[in-house]
1. Using a cut-off of 12 Å between beta-carbons, work out the net charge of the residues near Phe130 (Lys and Arg +1, Asp and Glu -1, Phe130 not included).
2. Normalising by the residue count of the stretch 9-66, find the relative contact order in percent from Cα pairs under 8 Å and 6+ residues apart.
3. Rounded, prolate or oblate: pick one for the stretch 80-137, where a ≥ b ≥ c are the square roots of the eigenvalues of its C-alpha gyration tensor, a/c under 1.5 means rounded, and failing that, prolate if a/b is larger than b/c, else oblate.
4. Rg to Rh ratio, the chain, alpha-carbon atoms and Kirkwood radius?
5. Going by how many other Cβ atoms sit within 10 Å of their own, how do Leu103, Leu93 line up, fewest first?
6. Over 13 Å apart: what share of the alpha carbon pairs of the stretch 9-66 falls there, rounded to a whole percent?
7. Hey, fewest Cβ within 10 Å first, where do Trp72, Trp47 land in order?
8. Ranking His128, His96 by Cβ neighbours within 10 Å, fewest first, what do you get?
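Please treat every number below as a calculation from the coordinates, not as lab data. Just so we're clear, the structure is a prediction, and the values are computed from it rather than from any experiment. Don't worry about glycine lacking a Cβ; one is built from the backbone with ideal geometry, like all the others, and counts go over all protein chains shown.
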Amino acid sequence: MSEEADKPVLMHTVLDATDVRGLAEFYRELLGLRYRPGDEPPSGEDWLVLVDGDGNRKLAFQRVPTLARPTWPSHDVPKQMHLDFRVPTVEELERHRRRAERLGAGLLHDRSEDPEEPLYVLADPAGHPFCILVGAK
């Protein structure tokens, strides 16, 4: 196995939003992306994914009930996002959870028994959450 194939693959960057469709539309237009099949309007407004011309995931948008606008460069209200990394199997999910913890991550949520999308939510050493999940492109 090559070293590159031995690592999780960045799936997409997820941005929280109170208006998921509005934010997705902004980035779709700005970056020339398109919706993942099934996410086109008028589909759900809780979770949307944008892909490039080859169908590669680039950004996802997750609805939250409230969201304080970041005050960057001030840190009064920090930037808000998380990263999702996909692995091909449950065995790889477990291996990469252990590896992430050895590197300093902490477990925040265990959804590894979910039959449709097993995942772990971890926090990096600085506290930023990220997910490792079994997923398809």
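1. On the way: positive: Arg86, Arg97; negative: Asp84, Asp124.
Around Phe130, the charge tally is 0.
2. Details: 97 pairs, mean separation 26.6, N = 58.
Reported as a whole number, the value is 46 percent.
3. Working: a/c = 1.84, a/b = 1.43, b/c = 1.28.
Prolate is the answer for the stretch 80-137, as a/c is 1.5 or above and a/b outweighs b/c.
4. On the way: Rg = 15.9 Å, Rh = 16.2 Å.
With Rh from the inverse mean 1/r over Cα pairs, Rg/Rh is 0.98.
5. Values: Leu103 10, Leu93 22.
By the 10 Å Cβ count, ascending, the order reads Leu103, Leu93.
6. Details: 899 of 1653 pairs.
Tail fraction, whole percent: 54.
7. Details: Trp72 10, Trp47 14.
So the residues, fewest neighbours to most, are Trp72, Trp47.
8. Details: His128 15, His96 20.
Exposure proxy ranking, most exposed first: His128, His96.
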